[in-house]
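In what follows, a single structure is set out as structure tokens and then discussed.
The values are calculated or read from the model by the stated rules, or taken from the named source; none is laboratory data. Only a predicted model underlies this, so the values are computations on that prediction, with no experimental measurement involved. Glycine gets a Cβ as well: all are built from the backbone with ideal geometry, and neighbour counts include every protein chain shown.
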């Protein structure tokens, strides 16, 4: 059978987790804030309709949230991680080959499923996840990871499932979707593609890979091959060995005293050290930095500490 991957994506998953444990939030605009309640990072459809943008600083929308009845939550990563584990357990009932892509996205290998049954299975999967966990999801099916991504969520008429292994659907949707929706294309890459006359995903698929590689490196060339149905990104069933990690936080209010800043750095440094032990393939080094926003100091400023050696902790053994 032909290769088929399904991307299952939770809809506004942090907000959906809050709604699972408080059903009264159904139909109510909900947002979840970043660490230290700095800005809005997840919004329900009702909150988006009020004009709340992704990354909007909370202090700018505080009064509007109060007047419009928007429910505001701080991030609760323990809850979100637990709900993510529950949904992935459901996915494994439908396919043994699952890649956990992020806390709210996973890839399933549906290559062994008959082509005429994939959409039915995807709808059954969505219904099961909703019934067992309460989390709404959408499913995109395609021969490559890039083609499986995003379209099911961005087109309401699809009712949460889009199958791009179907040639008719493939040609229909790719000429109607902006190239900005493609995973891996950011603002800088989008500007370069627009200069090449690329507006839709279909335009990008038919583009010569050579100028794209020159403008966007090998990443752009790989995206074109993926859009043509040539798989360049394998299914990663085991977690990839990380080469680094970061622990970042924003202050909830202005931190003008250096003592306060350093007191907050210490626990972050310990957490980063604990994460790196056993998670990277060589003894790590560590650097600490802080930045100030341009709105308070003129140009953005960044202060960095010297790199610190970070030794692995080894379990002591003794002979008995």
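List of remarks:
- Boolean, residue 67 is loosely packed, with under 15 Cβ neighbours inside 10 Å, touching a helix residue (DSSP H, G or I) at 6+ places or on another chain (Cβ under 7 Å) and more than 29 Å from residue 141 (Cβ to Cβ): no
- Some residue of segment 51-74 being under 30 Å from residue 166 (Cβ atoms) and at pLDDT 95 or above: no
- Filter result for residue 141 (buried (at least 17 other Cβ atoms within 10 Å of the Cβ), under 25 Å from residue 225 (Cα atoms) and within 19 Å of the chain's Cα centre (by Cα)): yes
- Taking segment 216-237 as the range and being surrounded by fewer than 16 Cβ atoms within 10 Å (Cβ to Cβ) and over 27 Å from residue 97 (Cβ atoms) as the test, only 217 passes.
- Residue within segment 121-136 that is more than 25 Å from residue 15 (Cβ to Cβ), surrounded by 14 or more Cβ atoms within 10 Å (Cβ to Cβ) and at pLDDT below 95 present: no
- When residues of segment 36-84 are limited to those that are without any contact (Cβ under 8 Å) to a residue 40 or more places away in the chain and assigned to a loop (DSSP other than H, G, I, E, B), the one nearest to residue 135 (Cα to Cα): 44
- Residue ID - surrounded by the fewest Cβ atoms within 10 Å (Cβ to Cβ), chosen from residues in segment 172-188 that are part of a helix (DSSP H, G or I) and in contact (Cβ under 8 Å) with a residue 12 or more places away in the chain: 181
- Residue 118 vs. criteria surrounded by fewer than 18 Cβ atoms within 10 Å (Cβ to Cβ) and touching a strand residue (DSSP E or B) at 6+ places or on another chain (Cβ under 9 Å): no
- Condition met for residue 91 (closer than 27 Å to residue 227 by Cα and assigned to a helix (DSSP H, G or I)): yes
- Residue 3 without any contact (Cβ under 8 Å) to a residue 60 or more places away in the chain, surrounded by fewer than 21 Cβ atoms within 10 Å (Cβ to Cβ) and more than 15 Å from the chain's Cα centre (by Cα): no
- Residues in segment 203-229 that are part of a helix (DSSP H, G or I), within 25 Å of residue 4 (Cα to Cα) and under 24 Å from the mean Cα position of the chain (by Cα): 204, 205, 218, 219, 220, 221, 222, 223, 224, 225, 226, 227.
- Given (1) surrounded by fewer than 18 Cβ atoms within 10 Å (Cβ to Cβ); (2) assigned to a helix (DSSP H, G or I), index of the condition residue 18 fails: (1)
- Condition check for residue 191: free of Cβ contacts under 8 Å to residues at least 24 places away in the same chain and outside any loop (DSSP other than H, G, I, E, B): yes
- Selection status of residue 165, within 25 Å of residue 237 (Cβ to Cβ), in a loop (DSSP other than H, G, I, E, B) and more than 19 Å from the chain's Cα centre (by Cα): yes
- If the condition is being surrounded by 15 or more Cβ atoms within 10 Å (Cβ to Cβ) and part of a loop (DSSP other than H, G, I, E, B), then segment 21-35 contributes 28, 29, 34.
- Given (1) exposed (fewer than 12 other Cβ atoms within 10 Å of the Cβ); (2) touching a helix residue (DSSP H, G or I) at 6+ places or on another chain (Cβ under 7 Å), index of the condition residue 78 fails: (2)
- Within segment 41-59, the set of residues being farther than 12 Å from residue 70 by Cα, surrounded by 15 or more Cβ atoms within 10 Å (Cβ to Cβ) and within 16 Å of the chain's Cα centre (by Cα) comprises 41, 42.
- Those residues of segment 28-38 which are over 16 Å from the mean Cα position of the chain (by Cα) and at pLDDT 95 or above, in sequence order: 28, 29, 30, 31
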